[in-house]
Amino acid sequence: MIKEIKKIKKIKFANILGIIYASIGFLFGSFFYLYFLIKTLLRTDVMVVSWLDFLSNFLYILVSGFLVSLSSGIVAWFIGLLIASLYNLFASRVGGIELEIENKDYKSKLFKNY
């Protein structure tokens, strides 16, 4: 059975893309700043003298990760909106993406002898 994607709901597509990119941005931003925190801690010319300095740096990591994820999520939302709009424009003129879908009955194969 062949089905065609004629139209993509723009806001839903933009929301999903924004959430995915925000999650990736948070992970990337957190690991990026955590790397620099560890690199700073291991340097001999820079000393972290108290736990308060370490915690303030760790808070900076979390805030930076949040800001990177927020900005990447917002940018991805607008890109998703643009991509869905362009897809809908071209799909109405050229035709949408065709998917071949097959319904399979896995239960009958798994429990064939029972």
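The values are calculated or read from the model by the stated rules, or taken from the named source; none is laboratory data. Keep in mind it's a predicted model, so treat the numbers as computed, not measured. Please note: Cβ atoms are built from the backbone with ideal geometry, for glycine as well, and neighbour counts cover all protein chains shown.
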Residues that are exposed (fewer than 12 other Cβ atoms within 10 Å of the Cβ) and touching a strand residue (DSSP E or B) at 6+ places or on another chain (Cβ under 7 Å): does region 49-60 have at least one? no
Of the listed residues (VAL46, VAL94, VAL63), the one being surrounded by fewer than 15 Cβ atoms within 10 Å (Cβ to Cβ), modelled with pLDDT under 90 and farther than 30 Å from SER23 by Cα is VAL46
Taking region 22-43 only, how many residues are of a type in the set (A, V, I, L, M) and modelled with pLDDT under 80? 5
Please indicate, with yes or no, whether at least one residue in region 1-8 is at pLDDT 90 or above and either surrounded by 15 or more Cβ atoms within 10 Å (Cβ to Cβ) or not in a strand (DSSP E or B) (or both). yes
Would you mention how many residues in region 48-84 are assigned to a helix (DSSP H, G or I), free of Cβ contacts under 8 Å to residues at least 60 places away in the same chain and of a type in the set (Val, Ile, Thr)? 5
